[in-house]
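Data block below; observations after.
The values are calculated or read from the model by the stated rules, or taken from the named source; none is laboratory data. The structure presented is a predicted model; accordingly, all values stated were derived computationally and were not measured. Positions of Cβ are generated from backbone atoms using ideal geometry, with glycine treated the same way; all protein chains shown enter the neighbour counts. For accessibility, only protein heavy atoms count, side chains too; no ligands or nucleic acids. Shrake-Rupley method; radii C 1.70, N 1.55, O 1.52, S 1.80 Å.
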Amino acid sequence: MLLRLALRGLAPAALRSLAPALSAGAVHISRPLHTSQQHLAPVPPLPETGGKVRHGVIPEEFFQFLYPKTGVTGPYMLGTGLLLYFLSKEIYVINHETLTGLSVVGILIYGIKKYGGNVAAFADKLIEERVAALTDVKNSMISSLEKAIEDEKKEQWRVEGRHYLFDTKRNNVAMLLETNYRERLLTVYTEVKKRLDYQVAVQHFMRHKEQDHMISWVEQNVRKSITAQQEKESIAKCISDLKVLSRSAQATV
């Protein structure tokens, strides 16, 4: 902490000590430019608790650094010696502001001891709520991204099986073409058969009519060739034949 304060105190003096010829533009040009590619490595998580300190402000690392060289009492002797040195050399003079500072520090210590736990619990609760909200957002985003990945894999699977669909469609088109071809062949066969059946029916009708005409012509000519005397003789012959048949039938009975 003291080192940080010292560096902050020395920084303005170091800037004032620069040469007047050094302009702000030169300082800006001399800065290194971030021309490297962006690193996509995961950022390490922030620590949930701060480092260990002693007496509220002094970090534990300071004591661990001095233990191998000065022992356990070394850091305390160093602090006490520096305080006595500043007071003896009047680098720091005790005045009314010192008493005010000690009073303020005491009040701060009392407030921290009295209400620090409650404030810390309230802050932890706020942090937990914020972390829970961020966790829910993260989980929802992860779920949506996983669903998107599943959908993408499904679409890739569909694309891989696309040639099967195209083959099926080609087979369906070939079957439709074959069906249409067969239907047209059946239509041609049916129409040709109808025409042939019509021709056969016409020929049968013509032959039947010719036969009827021939029979009627023969009958007419036969009737014309028979005279009245021949007709009487044939009728008499038929009557005599019928009488003979009746007598023979009666004799048989």
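Looking for something surrounded by fewer than 10 Cβ atoms within 10 Å (Cβ to Cβ), outside any helix (DSSP H, G or I) and not aliphatic (A, V, I, L, M) - is there at least one such residue anywhere in segment 102-115?
Within segment 102-115 (the criterion being surrounded by fewer than 10 Cβ atoms within 10 Å (Cβ to Cβ), outside any helix (DSSP H, G or I) and not aliphatic (A, V, I, L, M)), the answer is no, since none of the residues qualifies.
Residues in segment 139-151: is at least one assigned to a helix (DSSP H, G or I), open to solvent by 100 Å² or more (accessible area, probe 1.4 Å) and more than 26 Å from P45 (Cα to Cα)?
Looking through segment 139-151, at least one residue is assigned to a helix (DSSP H, G or I), open to solvent by 100 Å² or more (accessible area, probe 1.4 Å) and more than 26 Å from P45 (Cα to Cα).
Only one of these is surrounded by 10 or more Cβ atoms within 10 Å (Cβ to Cβ), of a type in the set (V, I, T) and under 30 Å from L46 (Cα atoms): T135, T179. Name it.
T135 is the lone residue from the list that is surrounded by 10 or more Cβ atoms within 10 Å (Cβ to Cβ), of a type in the set (V, I, T) and under 30 Å from L46 (Cα atoms).
What pairs come up if the first residue lies in segment 43-69 and is under 26 Å from V105 (Cα atoms) and free of Cβ contacts under 8 Å to residues at least 24 places away in the same chain, the second is of a type in the set (A, V, I, L, M, F, W, C) and in a strand (DSSP E or B), and their beta carbons are under 7 Å apart, counting only those six or more places apart or on different chains?
E60/V53
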